[in-house]
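What follows is calculated from the coordinates using simple rules that are stated; it is not laboratory data. Owing to the predicted nature of the structure, the values given are computational and were not obtained by experimental measurement. All Cβ positions, glycine included, derive from the backbone under ideal geometry; neighbour counts span all protein chains shown.
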Amino acid sequence: MLVPALLVLLVASWCFGGVVEDSTSQDEWLQLLALPVLALAVIALSASPPSDRLLRAGLLLALLIALVPAIQLLPLPNALWSIAPGRAGVAADLARAGIVQPAHHWSLTPHASERAVWALLPALAAFLAACALPVRFARFFAKACVAIVLLNVLFALFESGLPRDSGLRMYPDETSGFGGLLINPNHFATALVIGLCLSIGLAVDAWRRAGGALTFGMQWVYAGAGLLCMLAIPITTSRAGIVLVPPALVGTFLLTGVLPISRIGKSRGVTIAAAFAMVLGLIGVWSGFGWLAVAKQEDPRMVIADATFRIGKSYFPLGSGIGSFQPVFEQHMPASLWMPEYVNHAHNEYAQWWLTGGLPAMLVLAFGLIVFALAGIRIFNAKGRSSGIVVAAACWVGIAAALVHSWVDFPLSTTTLMTTTAMLAGFMLSATAEVGERARRKYGRRPGMENG
């Protein structure tokens, strides 16, 4: 039951979770849909608790992420509530209104923090379900993700030919470009990079299943899907998406074992491929730095992110509360950003997490990056020896691309990408857990050591 339930949740999150508003009726329906998936996943994990430490750390991480906005709903005594300097202005305004000793919550916007807890349900359900399912289903859901991304390309092409006021448009009131089901084309670029990584992983896996033959087979179908994803990225006009392509390609080839580092200098073909990959990666890094240099001067998103970091210092260590970004930022907005439109996000997930989550959020973020790095090390050491680890490598690079893009945008704030990457993270950890279990069975007990 968990497989079709997760598939329905994934498709529904793509169909209805592509908006960037903090709370919509579609989001509420997705949260309700996530509840049975979450229940099934918890039952499955309870029946067979994971023994791998890294997988258990991932499960703990998921709970800690949900715990950050949850604890911000708790009341705080006045002395502790006012420990952050940025709250002094709020206290002064309350005093002017005659509210001298209000019942303070940790969060400055408790209702928004509560919505943030509910907003995590689809991603949490998808992550736990992927952790609970056997690794063999990772390929199936990777194929499903690639198929959904490509179908969205077709839908975006269809929409681009419609009049601006057509009722067939997904978002008729917006002037968004090539995004399809996602209102923000930059977020669709992130999804396309993820689809590219998954397509390469599936192609490598199919090629190895075919014994390394270069005859026509599914490996070429998946390679073609990856090429379509890569060609569609420039149509989104996302500069960050284009910059992410070279390192995503290099990272996927390295982690899937197609480009073994140990054979560099020993095999002419591998050495040439490694040199080409290095040039490709350097082009991506050079393009990234060049784009950031231009963006700092021309793009207001960089100014917004820098201002968010500075404002976050005055609310440290408590943070202003998850979901409170918009009113808090408007209260401290620099004059250079005064404009008719309101700023809905920091356009930097880490800056926004720093401002609204404070020290607890930073600790959870550090823990999450450690878990993610350890998973990458285990995948690299496995060198693509199994089908599951090849797909896990593609998942790791796709998630890394989303995390890097989050430095200049907010792709993981949408239900669609948050749910998709959470599911991929679950399958990634499940596959690495299988590798760890095989290593323990192989090296855990050696002859002659029973009495040692």
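Numbers at a glance
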{"quantity": "Per-pair calculated FRET efficiency, R0 = 25 Å: Leu363 and Ile83 via Cβ, rounded to 0.05", "calculated": "0.90"}
{"quantity": "Sorted by Cβ density within 10 Å, fewest first, the residues Ser386, Ser406", "calculated": "Ser386, Ser406"}
{"quantity": "Quotient of C-alpha Rg and 2.2 N^0.38 Å, computed over the range 141-253", "calculated": "1.16"}
{"quantity": "Two-site label geometry, Leu76 and Glu330: point separation in nm, points 7 Å out along Cα→Cβ", "calculated": "2.3 nm"}
{"quantity": "Backbone HN-Hα couplings from phi across the range 230-236 [Karplus 6.51/-1.76/1.60, Hz, Gly and Pro as x]", "calculated": "5, 6, 7, 4, x, 5, 6"}
{"quantity": "Leading residue at positive end of dipole, the range 68-168 (Cβ point charges), from Pro163, Ala119, Leu150", "calculated": "Leu150"}
{"quantity": "Fewest-first ranking of Ser13, Ser48, Ser160, using other Cβ atoms within 10 Å as the exposure measure", "calculated": "Ser48, Ser160, Ser13"}
{"quantity": "Proxy reagent accessibility, fewest Cβ within 10 Å first, across His111, His405", "calculated": "His111, His405"}
{"quantity": "Cα-based radius of gyration of the range 8-97 once divided by 2.2 N^0.38 Å, which approximates compact folds", "calculated": "1.61"}
{"quantity": "Difference of contour (0.36 nm per residue) and Cα-Cα distance, Asp306 to Ala39", "calculated": "92.1 nm"}
{"quantity": "Value of Rg/Rh across the range 47-197 [Cα atoms, Kirkwood radius]", "calculated": "1.13"}
{"quantity": "Assigned charges on the beta-carbon of Lys, Arg, Asp, Glu; the range 123-202 dipole about Cα centre (debye)", "calculated": "440 debye"}
{"quantity": "At R0 = 35 Å, FRET efficiency that the Cβ-Cβ distance of Tyr171 and Val221 yields, to 0.05", "calculated": "0.65"}
{"quantity": "Cβ-derived FRET efficiency at R0 45 Å, Leu231 paired with Lys313, nearest 0.05", "calculated": "0.55"}
{"quantity": "Stretchable slack from Leu151 to Ile99, in nm (0.36 nm times residue separation minus alpha-carbon distance)", "calculated": "13.3 nm"}
